Amino acid sequence: MKIVIIGDGKVGNALTRRLAKEGHSLTVIDSSPDALRNAMNVADILTINGNGAAMSIQLEAGVDKADLLIAVTSTDEMNLFCCLTAKKLGAKHTIARVRNPEYSEQLFLMQKELGLSMTVNPEQSAAREISRILRFPSALKIDTFAQGRAEIIEIKINEGNPLDGMPIWSLQQKYTVKVLICAVQRDEEVYIPSGDFVLRAGDKLSMTAFPADAVRFCKSIGVFKQKIETVMI
């Protein structure tokens, strides 16, 4: 993909490193020559010194033919304006970093008018991840989908767990909670289980559910007994 990144701060630099490793064609725009020199030292990319919101700079960077533009400067308004300009020039997709939560409702209403494919808020994403870890301290892994409305949680069945020896069809009947067991890892094998699949101690379950249902289910089977007492950020 041809990707243009505007802003080479910490977030922009991290994106540049990651996307360069994936083999994408990258152009980075920043008003700081020092930042651009550092970017060139870590990746084989094209850099342009200038105002990323200016049409002439974006055209020089080839935004009109870009598959994706990512604006991650330190200013929300600047990022939104960069994306609006890029979309008007012909960029296929645009992503803006917007940190101010007061803009969330407006962006939802005006996403199409602003030419945005997506907005990201790293601080809010970090806060949500911390929240998930605090709610499920014993989970092996937690992911979200459907814009955070549902979660995929990976847990391990230990000896003495009530799920040991239980067929999957009986879960909803016994616990009256809507959860879906998507996959079971047993030793080195991964199974997509049917209702007759019998769970065993040592199994790693990947299940999906709404957050509230996931909490009730995991508490009812005694998976998350560990309580967070202190937190350091």
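The values are calculated or read from the model by the stated rules, or taken from the named source; none is laboratory data. The shown structure was predicted, so the numbers you read here are calculated from the model rather than taken from an experiment. For neighbour counting, all protein chains shown are included, and Cβ atoms are generated from backbone atoms with ideal geometry for every residue, glycine included. Calculation scope for accessible area: heavy atoms of the full protein, side chains included, ligands and nucleic acids excluded. Shrake-Rupley method; radii C 1.70, N 1.55, O 1.52, S 1.80 Å.
A few points about this structure:
- Residue within the stretch 82-93 that is closer than 16 Å to N13 by Cα, touching a strand residue (DSSP E or B) at 6+ places or on another chain (Cβ under 8 Å) and in contact (Cβ under 8 Å) with a residue 24 or more places away in the chain present: no
- Pairs with Cβ under 8 Å, 6+ apart, first in the stretch 167-179 and in contact (Cβ under 8 Å) with a residue 40 or more places away in the chain, second of a type in the set (S, T, Y) and open to solvent by 30 Å² or more (accessible area, probe 1.4 Å): Y175/S220; V177/S220
- Checking S74 against (1) within 15 Å of V11 (Cβ to Cβ); (2) free of Cβ contacts under 8 Å to residues at least 40 places away in the same chain; (3) of a type in the set (S, T, N, Q), the condition it does not meet: (2)
- Pick from the stretch 119-139, criterion under 30 Å from K88 (Cβ atoms) and surrounded by fewer than 13 Cβ atoms within 10 Å (Cβ to Cβ), ranking: modelled with the lowest pLDDT: S125
- Only one entry in E113, E159, E151 is under 21 Å from the mean Cα position of the chain (by Cα) and among the acidic types (D, E), namely E151.
- Residues satisfying the stated conditions in the stretch 44-53, i.e. open to solvent by 30 Å² or more (accessible area, probe 1.4 Å) and aliphatic (A, V, I, L, M): L46
- Residues within the stretch 70-113 that are closer than 24 Å to T16 by Cβ and either outside any loop (DSSP other than H, G, I, E, B) or at pLDDT below 80 (or both), tallied: 20
- Subset tally (residues that are in contact with a strand residue (DSSP E or B) (Cβ under 8 Å, 6 or more places away or on another chain) and in contact (Cβ under 8 Å) with a residue 60 or more places away in the chain) for the stretch 94-137: 3
- Unmet requirement for D8, which otherwise passes all of (1) assigned to a strand (DSSP E or B); (2) under 21 Å from L116 (Cα atoms): (1)
- Residue check for I142: part of a strand (DSSP E or B), modelled with pLDDT of 80 or more and open to solvent by less than 90 Å² (accessible area, probe 1.4 Å): no
- The combined condition, being outside any loop (DSSP other than H, G, I, E, B), surrounded by fewer than 13 Cβ atoms within 10 Å (Cβ to Cβ) and not aromatic (F, W, Y), is not fulfilled by V231.
- Among the residues of this structure, L116 does not count as one that is part of a helix (DSSP H, G or I), modelled with pLDDT of 80 or more, buried (at least 16 other Cβ atoms within 10 Å of the Cβ) and aliphatic (A, V, I, L, M).
- The stretch 11-43, residues that are outside any helix (DSSP H, G or I), open to solvent by 20 Å² or more (accessible area, probe 1.4 Å) and out of contact with any helix residue (DSSP H, G or I) (no Cβ under 7 Å at 6 or more places or on another chain): E22, G23, H24, S25, S31, S32
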